[in-house]
Amino acid sequence: KKHIFAVVTCVLFTSMLIFSWRDTQLQNNITRKLFPQPTVASPAGELCRGKPAQNVITALKDNRTFIISPYFDDRESKVTRVIGIVHHEDVKQLYCWFCCQPDGQIYVSKAKIDVHSDRFEFPYGATDIVCLEPPNCDPTHVSIHQSPRGNTDQLPRFEIKNRKAETFSVDFTVCISAMFGNYNNVLQFIQSVEMYKILGVQKVMIYKNNCSHLMEKVLKFYIEEGTVEIIPWPIDSHLRVSAEWRFMQDGTHIGYYGQIAALNDCIYRNMQRSKFVVLSDADEIILPLKHPDWKTMMSSLQEQNPRTGVFLFENHIFPKTVSTPAFNISAWNAVPGVNILQHVHREPDRKDVINPKKMIIDPRKVVQTSVHSVLRAYGKSVNVPMDVALIYHCRVPLQGNLPRESLIRDTTLWRYNSS
């Protein structure tokens, strides 16, 4: 009996080992399908090799793919979402090379290349390069390559941001994409930033291509104050950029200095640190009509519109060619730019023309954005009525032939004149 018991025990144990081995082999096969590159351990002391990316925009060797930054995104599945710019036809396949700590193992995963639909016919467009992350690993860095095989030493290495959850450090962040053209509208910029602060903004993030020397001094002041954060945006070092939003058949590569790519990066960059993100330009201010500031306005709007992630505000032009003598402050006369307090006449709506909109969003509910609407989001989008708020946009007129009497006098801005 003892002999039979020993034999049976041995057979059962052997069977368990065989099934365990088969289960392990099956799991390995699944892993190999997800990650075509075999697992490679880096030599000791050389974990996560590759050259750390130094710039906000990094060109890959194909010169058709430009990486801005990777972000961890677990809202649907555990993926790394890389914000980039690619040629919509020439880039057919890309691979994410993940580095796993603490052993420095490399896993390779084929990327889904999702060029944003709002490309406006330019050959290059904002793109999500999305890769499923390896199991049992929270990679800290990733490289992007055209092949599943190669030498990691030669690839730029990017830190994956948003890996750790954070508590919100600010309520409102304004994203200003693409300051370019030797920007020198200094007075209006200062007034806009001060208005943002009055309305409740703690951070203004600017993707800066270039500006005037005087504007650099102003930015330095606001950086030291802690209000402004600059993201260098030398996109014209990589691509022929257009100052227009639509392709003009002029050989340019991407519209409006890559504005859409910058806006998407700004959303993900602030996903875990800002309760709301405001997508607007430096000459635009979302003016509340029923509330003193954005915090009370957004609290009311969220209460009325549960499960909403995107709030759209209508743009209205206050032509800088029509002014009032009020607030002619002599100390400001030497400062280049527009004094918005002197422009309180707005153009009337045009028949059959829809006013463009800008947005205040919950960044955790947005996947992809364009300039005037989101392309993919988890929550609903709501158009905010004009009697609640409108965008004060002081710029060159769109209806320049209208006489002054046809404009609408709107002094909402003057409520904030003393502060």
Heavy-atom accessible area order for 242, 418, 406, largest first, 1.4 Å probe | 418, 406, 242
Under a Gaussian network model of the chain whose springs join Cα atoms within less than 10 Å, the largest fluctuation of 238, 88, 145 belongs to 238
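Local charge sum around residue 168 (other residues, Cβ-Cβ under 13 Å, Lys/Arg +1, Asp/Glu -1)?
Working: positive: 203, 273, 275, 295, 364; negative: 166, 171, 362.
Net charge in that neighbourhood comes out at +2.
Can you list which of the trypsin sites (Lys or Arg not before Pro) found in the range 331-419 are DSSP loop residues with at most 15 other C-beta atoms within 10 Å? Please report the intermediate quantities before stating the final value.
On the way: sites: 346, 350, 351, 357, 358, 364, 365, 376, 380, 395, 404, 409, 415; in loops: 350, 351.
Here the trypsin sites (Lys or Arg not before Pro) that fit, given the DSSP loop and packing criteria, are 350, 351.
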Hey, what's the range 51-159 come to in accessible area per residue, 1.4 Å probe, Å²?
-> 42
Carbon-plus-sulfur fraction of the accessible area of the range 119-184, 1.4 Å probe, in percent?
-> 49
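Could you work out the helix-only [θ] at 222 nm for the chain, with each DSSP H run of four or more residues adding -39,500 (n - 2.57) and the total divided by the number of residues, to the nearest 500 deg cm²/dmol?
So the helix-based figure for the chain works out to -6500 deg cm²/dmol.
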Nearby lysines by direct alpha-carbon distance to residue 320 (threshold 22 angstrom, same-chain neighbours under 8 apart not counted) = 357, 358
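Once R0 is set to 35 Å, what does the formula 1/(1 + (r/R0)^6) return for the Cβ-Cβ distance between residue 273 and residue 210, expressed as a FRET efficiency to the nearest 0.05? All intermediate terms of the calculation are to be shown ahead of the outcome.
Details: r = 27 Å, r/R0 = 0.77.
Rounded to the nearest 0.05, the efficiency is 0.85.
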Under the 7 Å Cα-to-Cβ spin-label approximation, residue 221 and residue 149 lie apart by a distance in nanometres of 6.0
For residue 112, go through the lysines and keep the ones whose alpha-carbon is under 22 Å away, minus same-chain ones fewer than eight residues off.
-> 33, 61, 78, 92, 161, 365
Considering amide H positions built from the backbone, and no H for Pro or chain starts, which residues 5 or more places from residue 111, or on another chain, come under 5 Å of its amide H?
-> 94, 95, 96
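How large is the Rg to Rh ratio of the chain when both quantities use alpha carbon positions and Rh follows Kirkwood? Write down the numbers at each step before the final one.
Details: Rg = 26.5 Å, Rh = 24.1 Å.
Computed over Cα atoms, the ratio is 1.10.
Could you report the range 324-419's accessible area per residue, 1.4 Å probe, as an integer in Å²? Numbers along the way, then the final one.
Values: 4980 Å² over 96 residues.
Each residue of the range 324-419 exposes 52 Å² on average to a 1.4 Å probe.
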Correct response: the longest run of the chain lacking exposed GluC sites (Glu not before Pro), defined by DSSP loop and at most 13 other Cβ within 10 Å, is 245-419
Within the range 296-321, find all residues whose amide N lies under 15 Å from a label point positioned 7 Å from the Cα of residue 378 along Cα-to-beta-carbon.
-> 307-310
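The values are calculated or read from the model by the stated rules, or taken from the named source; none is laboratory data. Only a predicted model underlies this, so the values are computations on that prediction, with no experimental measurement involved. FYI the Cβ positions are ideal-geometry reconstructions off the backbone, even for glycines, and counts take in every protein chain you see. Heads up: the accessible areas ignore ligands, DNA and RNA and are worked out on the full protein's heavy atoms, side chains in. Shrake-Rupley method; radii C 1.70, N 1.55, O 1.52, S 1.80 Å.
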